[in-house]
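The values are calculated or read from the model by the stated rules, or taken from the named source; none is laboratory data. Keep in mind the model is a prediction, meaning the values are calculated, not measured. Here the Cβ positions follow ideal geometry from the backbone for every residue, glycine too, while neighbour counts run over all protein chains shown.
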Amino acid sequence: MIDDLIKLSRNPTPAGRRDLLRSLSDMFLDDAEPYSDRLLFLFTDVLGALLKQVDTGTRSEFAERVAVAPHTGQAMHCRLAEGEIDVAGPVLRKSRLLDDDTLIDIAGQKGQSHLKAIAGRDRLSEAVTDILVDKGDATVLQVVTENLGARFSEQGFCALADAAPEDARLMNALSYRADMPRAAADRILAMLPDDARARLSALISLDRDAVSAIFSKAATLANKKKLGRAIQRLEAKGLIQQVRFKEATLDQVVMSLAENDRVLDLAMVLAEFANVEESLVAGAILRVNVAPVVVLLRTLDMGEEAVGSLANLRCRRLNLPNSMREHMLKSWRELDTSTAKRAMTFTMACHAVHQSAA
(Lines give C-alpha, C1' and ligand atoms only; values in the text may rest on other atoms or scores of the structure.)
Protein backbone atom coordinates (compact mmCIF):
# COMPACT_ATOMS: atom_id res chain seq x y z
CA MET A 1 0.00 0.00 0.00
CA ILE A 2 2.74 2.46 0.96
CA ASP A 3 4.73 1.60 -2.16
CA ASP A 4 1.65 2.27 -4.29
CA LEU A 5 1.13 5.64 -2.62
CA ILE A 6 4.76 6.61 -3.19
CA LYS A 7 4.43 5.74 -6.88
CA LEU A 8 1.22 7.75 -7.18
CA SER A 9 2.78 10.74 -5.40
CA ARG A 10 5.43 10.89 -8.14
CA ASN A 11 2.81 11.15 -10.89
CA PRO A 12 1.98 14.86 -11.32
CA THR A 13 -0.67 14.36 -14.03
CA PRO A 14 -4.35 15.15 -13.27
CA ALA A 15 -5.15 11.43 -13.37
CA GLY A 16 -2.26 10.71 -11.01
CA ARG A 17 -3.41 13.38 -8.54
CA ARG A 18 -6.94 11.99 -8.70
CA ASP A 19 -5.79 8.43 -8.04
CA LEU A 20 -3.58 9.57 -5.17
CA LEU A 21 -6.48 11.47 -3.56
CA ARG A 22 -8.76 8.45 -3.88
CA SER A 23 -6.17 6.09 -2.42
CA LEU A 24 -5.46 8.37 0.53
CA SER A 25 -9.20 8.86 0.98
CA ASP A 26 -9.69 5.11 1.22
CA MET A 27 -7.06 4.97 3.95
CA PHE A 28 -8.44 8.01 5.77
CA LEU A 29 -12.19 7.44 5.51
CA ASP A 30 -12.48 3.67 5.85
CA ASP A 31 -10.63 3.35 9.16
CA ALA A 32 -13.05 2.20 11.85
CA GLU A 33 -11.10 3.85 14.68
CA PRO A 34 -10.67 7.59 15.32
CA TYR A 35 -7.25 9.10 14.63
CA SER A 36 -5.12 11.00 17.10
CA ASP A 37 -5.21 14.80 16.78
CA ARG A 38 -1.75 14.74 15.22
CA LEU A 39 -2.66 12.21 12.51
CA LEU A 40 -5.97 13.92 11.89
CA PHE A 41 -4.19 17.23 11.35
CA LEU A 42 -1.68 15.57 9.02
CA PHE A 43 -4.35 13.87 6.92
CA THR A 44 -6.40 17.06 6.72
CA ASP A 45 -3.37 19.04 5.60
CA VAL A 46 -2.29 16.51 2.95
CA LEU A 47 -5.78 15.90 1.58
CA GLY A 48 -6.49 19.62 1.58
CA ALA A 49 -3.44 20.23 -0.59
CA LEU A 50 -4.43 17.43 -2.98
CA LEU A 51 -7.96 18.77 -3.31
CA LYS A 52 -6.54 21.91 -4.92
CA GLN A 53 -4.94 19.79 -7.64
CA VAL A 54 -7.98 17.83 -8.82
CA ASP A 55 -11.11 18.69 -10.79
CA THR A 56 -14.44 19.72 -9.29
CA GLY A 57 -16.03 16.33 -9.92
CA THR A 58 -13.34 14.56 -7.91
CA ARG A 59 -13.63 17.10 -5.08
CA SER A 60 -17.40 16.60 -5.05
CA GLU A 61 -16.96 12.81 -4.93
CA PHE A 62 -14.59 13.22 -1.97
CA ALA A 63 -17.03 15.55 -0.20
CA GLU A 64 -19.86 13.02 -0.52
CA ARG A 65 -17.74 10.45 1.30
CA VAL A 66 -16.43 12.85 3.95
CA ALA A 67 -19.90 14.17 4.78
CA VAL A 68 -21.01 10.86 6.33
CA ALA A 69 -17.64 9.54 7.55
CA PRO A 70 -17.49 9.29 11.38
CA HIS A 71 -13.83 10.07 12.08
CA THR A 72 -12.79 12.85 9.72
CA GLY A 73 -12.66 15.81 12.09
CA GLN A 74 -14.40 19.16 11.96
CA ALA A 75 -11.57 21.00 10.20
CA MET A 76 -11.96 19.03 6.98
CA HIS A 77 -15.73 19.47 7.00
CA CYS A 78 -15.42 23.22 7.51
CA ARG A 79 -12.89 23.51 4.69
CA LEU A 80 -15.19 21.69 2.26
CA ALA A 81 -18.33 23.51 3.43
CA GLU A 82 -16.82 26.88 2.60
CA GLY A 83 -15.89 25.90 -0.97
CA GLU A 84 -17.77 25.86 -4.27
CA ILE A 85 -21.32 24.54 -3.97
CA ASP A 86 -20.69 21.26 -5.84
CA VAL A 87 -18.21 20.40 -3.10
CA ALA A 88 -19.83 22.22 -0.17
CA GLY A 89 -23.36 20.94 -0.82
CA PRO A 90 -22.99 17.34 0.41
CA VAL A 91 -21.23 18.46 3.59
CA LEU A 92 -23.69 21.27 4.32
CA ARG A 93 -26.61 18.88 3.92
CA LYS A 94 -25.25 15.80 5.73
CA SER A 95 -22.32 16.56 8.04
CA ARG A 96 -22.88 16.03 11.76
CA LEU A 97 -19.69 17.92 12.56
CA LEU A 98 -20.86 21.39 11.52
CA ASP A 99 -22.19 23.18 14.60
CA ASP A 100 -24.68 26.05 14.62
CA ASP A 101 -22.01 28.75 14.81
CA THR A 102 -20.27 27.35 11.72
CA LEU A 103 -23.53 27.07 9.77
CA ILE A 104 -24.52 30.61 10.72
CA ASP A 105 -21.12 31.92 9.69
CA ILE A 106 -21.30 30.18 6.30
CA ALA A 107 -24.88 31.35 5.74
CA GLY A 108 -23.79 34.90 6.48
CA GLN A 109 -20.96 34.84 3.94
CA LYS A 110 -22.09 32.60 1.10
CA GLY A 111 -24.75 32.75 -1.59
CA GLN A 112 -28.15 31.22 -2.08
CA SER A 113 -26.89 27.80 -3.19
CA HIS A 114 -25.09 27.34 0.13
CA LEU A 115 -28.16 28.53 2.04
CA LYS A 116 -30.36 26.08 0.14
CA ALA A 117 -28.01 23.19 1.01
CA ILE A 118 -28.10 24.15 4.71
CA ALA A 119 -31.91 24.37 4.53
CA GLY A 120 -32.02 20.69 3.57
CA ARG A 121 -30.27 19.37 6.71
CA ASP A 122 -32.11 16.75 8.77
CA ARG A 123 -32.28 19.06 11.78
CA LEU A 124 -31.98 22.84 12.07
CA SER A 125 -32.11 25.00 15.19
CA GLU A 126 -33.99 28.27 15.47
CA ALA A 127 -30.71 30.21 15.36
CA VAL A 128 -29.84 28.73 11.96
CA THR A 129 -33.32 29.06 10.45
CA ASP A 130 -33.42 32.70 11.56
CA ILE A 131 -30.50 33.59 9.28
CA LEU A 132 -31.81 31.39 6.47
CA VAL A 133 -35.16 33.20 6.58
CA ASP A 134 -33.44 36.58 6.80
CA LYS A 135 -30.99 36.03 3.93
CA GLY A 136 -32.67 33.38 1.81
CA ASP A 137 -34.42 33.85 -1.50
CA ALA A 138 -37.79 32.33 -2.32
CA THR A 139 -36.34 28.86 -3.00
CA VAL A 140 -34.45 28.80 0.31
CA LEU A 141 -37.60 29.81 2.21
CA GLN A 142 -39.58 27.09 0.48
CA VAL A 143 -37.01 24.37 1.18
CA VAL A 144 -36.48 25.24 4.84
CA THR A 145 -40.23 25.54 5.52
CA GLU A 146 -40.88 22.16 3.89
CA ASN A 147 -38.19 20.67 6.14
CA LEU A 148 -40.08 19.23 9.13
CA GLY A 149 -36.76 18.79 10.96
CA ALA A 150 -36.29 22.56 11.03
CA ARG A 151 -37.32 24.59 14.07
CA PHE A 152 -38.37 28.22 13.74
CA SER A 153 -38.56 31.08 16.20
CA GLU A 154 -41.78 33.07 16.38
CA GLN A 155 -39.90 35.85 14.58
CA GLY A 156 -38.97 33.38 11.85
CA PHE A 157 -42.56 32.22 11.40
CA CYS A 158 -43.74 35.85 11.18
CA ALA A 159 -41.12 36.57 8.50
CA LEU A 160 -42.33 33.54 6.53
CA ALA A 161 -45.89 34.80 6.90
CA ASP A 162 -44.80 38.13 5.38
CA ALA A 163 -43.33 36.34 2.36
CA ALA A 164 -46.14 33.80 1.91
CA PRO A 165 -48.81 35.90 0.11
CA GLU A 166 -46.59 36.17 -2.97
CA ASP A 167 -45.45 32.51 -2.94
CA ALA A 168 -47.96 29.68 -3.33
CA ARG A 169 -45.38 26.94 -2.60
CA LEU A 170 -44.31 28.65 0.62
CA MET A 171 -47.90 29.14 1.69
CA ASN A 172 -48.61 25.46 1.09
CA ALA A 173 -45.48 24.47 3.08
CA LEU A 174 -46.64 26.60 6.01
CA SER A 175 -49.93 24.71 6.06
CA TYR A 176 -48.02 21.59 7.19
CA ARG A 177 -46.27 23.25 10.16
CA ALA A 178 -47.94 21.80 13.25
CA ASP A 179 -45.20 23.41 15.40
CA MET A 180 -46.29 26.96 14.58
CA PRO A 181 -46.96 29.27 17.56
CA ARG A 182 -50.60 30.27 17.88
CA ALA A 183 -49.99 33.96 17.10
CA ALA A 184 -48.20 33.15 13.85
CA ALA A 185 -50.74 30.44 13.01
CA ASP A 186 -53.67 32.83 13.38
CA ARG A 187 -51.95 35.26 11.04
CA ILE A 188 -51.16 32.61 8.43
CA LEU A 189 -54.55 30.88 8.62
CA ALA A 190 -56.20 34.06 7.34
CA MET A 191 -54.09 33.90 4.16
CA LEU A 192 -54.50 30.23 3.29
CA PRO A 193 -56.94 28.75 0.78
CA ASP A 194 -59.68 26.57 2.26
CA ASP A 195 -57.94 23.19 1.91
CA ALA A 196 -54.65 24.40 3.38
CA ARG A 197 -56.46 26.22 6.19
CA ALA A 198 -58.32 23.03 7.10
CA ARG A 199 -55.06 21.04 7.09
CA LEU A 200 -53.18 23.47 9.35
CA SER A 201 -56.13 23.81 11.73
CA ALA A 202 -56.39 20.03 12.03
CA LEU A 203 -52.66 19.62 12.62
CA ILE A 204 -52.51 22.29 15.30
CA SER A 205 -55.58 20.95 17.08
CA LEU A 206 -54.29 17.37 16.71
CA ASP A 207 -57.57 16.28 15.12
CA ARG A 208 -56.25 12.94 13.84
CA ASP A 209 -59.39 11.97 11.91
CA ALA A 210 -59.40 15.30 10.08
CA VAL A 211 -55.70 15.08 9.34
CA SER A 212 -56.03 11.55 7.98
CA ALA A 213 -58.89 12.56 5.71
CA ILE A 214 -57.00 15.56 4.39
CA PHE A 215 -53.70 13.75 3.86
CA SER A 216 -55.32 10.74 2.21
CA LYS A 217 -56.18 12.98 -0.74
CA ALA A 218 -52.54 13.89 -1.33
CA ALA A 219 -51.31 11.98 -4.37
CA THR A 220 -47.66 12.61 -3.48
CA LEU A 221 -47.77 10.37 -0.40
CA ALA A 222 -46.68 6.90 -1.47
CA ASN A 223 -48.49 4.67 1.01
CA LYS A 224 -50.47 4.53 4.23
CA LYS A 225 -47.44 3.62 6.30
CA LYS A 226 -45.63 6.78 5.27
CA LEU A 227 -48.82 8.74 5.80
CA GLY A 228 -49.30 7.42 9.31
CA ARG A 229 -45.70 8.12 10.28
CA ALA A 230 -45.84 11.65 8.86
CA ILE A 231 -48.98 12.39 10.82
CA GLN A 232 -47.52 10.96 14.03
CA ARG A 233 -44.37 13.05 13.65
CA LEU A 234 -46.44 16.18 13.15
CA GLU A 235 -48.62 15.27 16.12
CA ALA A 236 -45.54 14.96 18.32
CA LYS A 237 -44.39 18.41 17.27
CA GLY A 238 -47.83 19.71 18.15
CA LEU A 239 -47.66 18.00 21.56
CA ILE A 240 -44.36 19.78 22.24
CA GLN A 241 -46.07 23.09 21.52
CA GLN A 242 -48.96 22.17 23.82
CA VAL A 243 -46.53 21.58 26.69
CA ARG A 244 -44.77 24.87 25.95
CA PHE A 245 -48.08 26.74 25.95
CA LYS A 246 -49.08 24.90 29.17
CA GLU A 247 -52.06 23.33 27.42
CA ALA A 248 -50.80 19.90 28.53
CA THR A 249 -48.15 18.65 30.95
CA LEU A 250 -45.06 16.75 29.91
CA ASP A 251 -46.24 13.85 32.08
CA GLN A 252 -49.55 13.67 30.19
CA VAL A 253 -47.79 13.66 26.83
CA VAL A 254 -45.32 10.97 27.93
CA MET A 255 -48.09 8.74 29.24
CA SER A 256 -50.12 9.09 26.04
CA LEU A 257 -47.17 8.29 23.77
CA ALA A 258 -45.93 5.45 25.97
CA GLU A 259 -49.35 3.82 26.15
CA ASN A 260 -49.49 3.85 22.33
CA ASP A 261 -45.96 2.42 21.92
CA ARG A 262 -44.75 5.51 20.05
CA VAL A 263 -41.09 5.18 20.98
CA LEU A 264 -39.65 7.50 18.33
CA ASP A 265 -42.13 10.27 19.07
CA LEU A 266 -41.52 9.81 22.78
CA ALA A 267 -37.78 10.15 22.16
CA MET A 268 -38.34 13.34 20.18
CA VAL A 269 -40.45 14.92 22.94
CA LEU A 270 -38.10 13.97 25.78
CA ALA A 271 -35.04 15.05 23.76
CA GLU A 272 -36.64 18.43 23.12
CA PHE A 273 -37.16 19.19 26.81
CA ALA A 274 -33.90 17.62 27.99
CA ASN A 275 -31.97 19.40 25.21
CA VAL A 276 -30.12 16.24 24.16
CA GLU A 277 -29.79 14.28 20.94
CA GLU A 278 -32.92 12.37 19.98
CA SER A 279 -30.89 9.27 19.15
CA LEU A 280 -29.44 9.21 22.67
CA VAL A 281 -32.91 9.30 24.20
CA ALA A 282 -34.20 6.54 21.91
CA GLY A 283 -31.19 4.45 22.85
CA ALA A 284 -31.82 5.01 26.56
CA ILE A 285 -35.48 4.00 26.26
CA LEU A 286 -34.65 0.77 24.44
CA ARG A 287 -31.67 -0.28 26.55
CA VAL A 288 -32.16 -3.05 29.12
CA ASN A 289 -30.05 -1.16 31.65
CA VAL A 290 -32.49 1.24 33.35
CA ALA A 291 -29.88 3.76 34.55
CA PRO A 292 -29.80 6.08 31.48
CA VAL A 293 -33.57 6.43 31.16
CA VAL A 294 -34.02 6.84 34.93
CA VAL A 295 -31.48 9.67 34.97
CA LEU A 296 -33.28 11.33 32.07
CA LEU A 297 -36.73 11.07 33.66
CA ARG A 298 -35.53 12.29 37.07
CA THR A 299 -33.73 15.21 35.39
CA LEU A 300 -37.04 16.20 33.76
CA ASP A 301 -38.89 15.87 37.11
CA MET A 302 -41.29 13.29 35.70
CA GLY A 303 -44.00 11.97 38.01
CA GLU A 304 -44.35 8.35 39.10
CA GLU A 305 -47.34 7.61 36.87
CA ALA A 306 -45.45 8.76 33.77
CA VAL A 307 -42.37 6.78 34.80
CA GLY A 308 -44.57 3.72 35.26
CA SER A 309 -46.06 4.16 31.78
CA LEU A 310 -42.60 4.30 30.26
CA ALA A 311 -41.54 1.27 32.31
CA ASN A 312 -44.52 -0.64 30.90
CA LEU A 313 -43.54 0.38 27.38
CA ARG A 314 -40.00 -0.92 27.93
CA CYS A 315 -41.30 -4.25 29.22
CA ARG A 316 -43.50 -4.65 26.15
CA ARG A 317 -40.90 -3.62 23.59
CA LEU A 318 -37.93 -5.39 25.14
CA ASN A 319 -39.91 -8.47 26.25
CA LEU A 320 -38.85 -7.92 29.87
CA PRO A 321 -40.51 -9.48 32.93
CA ASN A 322 -42.83 -7.29 35.03
CA SER A 323 -40.20 -7.28 37.76
CA MET A 324 -38.17 -4.91 35.56
CA ARG A 325 -40.97 -2.37 35.84
CA GLU A 326 -40.66 -2.39 39.60
CA HIS A 327 -36.87 -2.29 39.32
CA MET A 328 -37.07 0.85 37.18
CA LEU A 329 -39.53 2.55 39.54
CA LYS A 330 -37.36 1.64 42.55
CA SER A 331 -34.28 3.09 40.82
CA TRP A 332 -36.23 6.25 39.99
CA ARG A 333 -37.46 6.68 43.58
CA GLU A 334 -33.94 6.28 44.97
CA LEU A 335 -32.36 8.82 42.62
CA ASP A 336 -32.60 12.46 43.69
CA THR A 337 -32.93 15.23 41.11
CA SER A 338 -29.62 16.97 41.84
CA THR A 339 -27.66 13.73 41.41
CA ALA A 340 -29.55 12.98 38.20
CA LYS A 341 -28.74 16.42 36.78
CA ARG A 342 -25.06 16.00 37.60
CA ALA A 343 -25.09 12.59 35.91
CA MET A 344 -26.83 14.06 32.87
CA THR A 345 -24.29 16.89 32.65
CA PHE A 346 -21.43 14.40 32.84
CA THR A 347 -23.02 12.15 30.21
CA MET A 348 -23.51 15.05 27.80
CA ALA A 349 -19.97 16.28 28.38
CA CYS A 350 -18.63 12.82 27.53
CA HIS A 351 -20.83 12.70 24.43
CA ALA A 352 -19.55 16.13 23.34
CA VAL A 353 -15.94 15.04 23.78
CA HIS A 354 -16.63 11.88 21.78
CA GLN A 355 -18.30 13.88 19.00
CA SER A 356 -15.47 16.40 18.82
CA ALA A 357 -12.94 13.57 18.64
CA ALA A 358 -14.88 11.82 15.91
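A few remarks follow.
- Qualifying residues in the stretch 180-190 (those that are surrounded by fewer than 21 Cβ atoms within 10 Å (Cβ to Cβ) and within 23 Å of Lys135 (Cβ to Cβ)) - the one nearest to the chain's Cα centre (by Cα): Pro181
- Scan of the stretch 313-323 for residues that are part of a helix (DSSP H, G or I), under 12 Å from Arg287 (Cα atoms) and without any contact (Cβ under 8 Å) to a residue 40 or more places away in the chain, ordered by number: Arg314, Cys315, Leu318
- Of all the listed residues (Leu148, Leu141, Leu132, Leu115), the sole one being of a type in the set (A, V, I, L, M), more than 21 Å from Val91 (Cβ to Cβ) and at pLDDT 95 or above is Leu141.
- Any hit, the stretch 160-167, residues being within 24 Å of Ser279 (Cβ to Cβ) and surrounded by 21 or more Cβ atoms within 10 Å (Cβ to Cβ): no
- The conditions of being touching a residue at least 40 places away in the same chain (Cβ under 8 Å) and either part of a helix (DSSP H, G or I) or not assigned by TED's automatic domain parsing to the domain that holds Arg316 (or both) are met by Gln241.
- Residue selected from the stretch 46-75 under the condition small (Gly, Ala, Ser) and modelled with pLDDT under 80, by the criterion nearest to Val91 (Cα to Cα): Ala69
- Test set (1) modelled with pLDDT of 90 or more; (2) under 30 Å from Ser125 (Cα atoms) - Lys341 fails condition number: (1)
- If the condition is being among the small types (Gly, Ala, Ser) and either assigned to a helix (DSSP H, G or I) or under 19 Å from Ser113 (Cβ atoms) (or both), then the stretch 47-93 contributes Gly48, Ala49, Gly57, Ser60, Ala63, Ala67, Ala75, Ala81, Gly83, Ala88, Gly89.
- Residue in the stretch 216-237 that is modelled with pLDDT of 80 or more, in a helix (DSSP H, G or I), among the hydrophobic types (A, V, I, L, M, F, W, C) and crowded, with 17+ Cβ neighbours inside 10 Å present: yes
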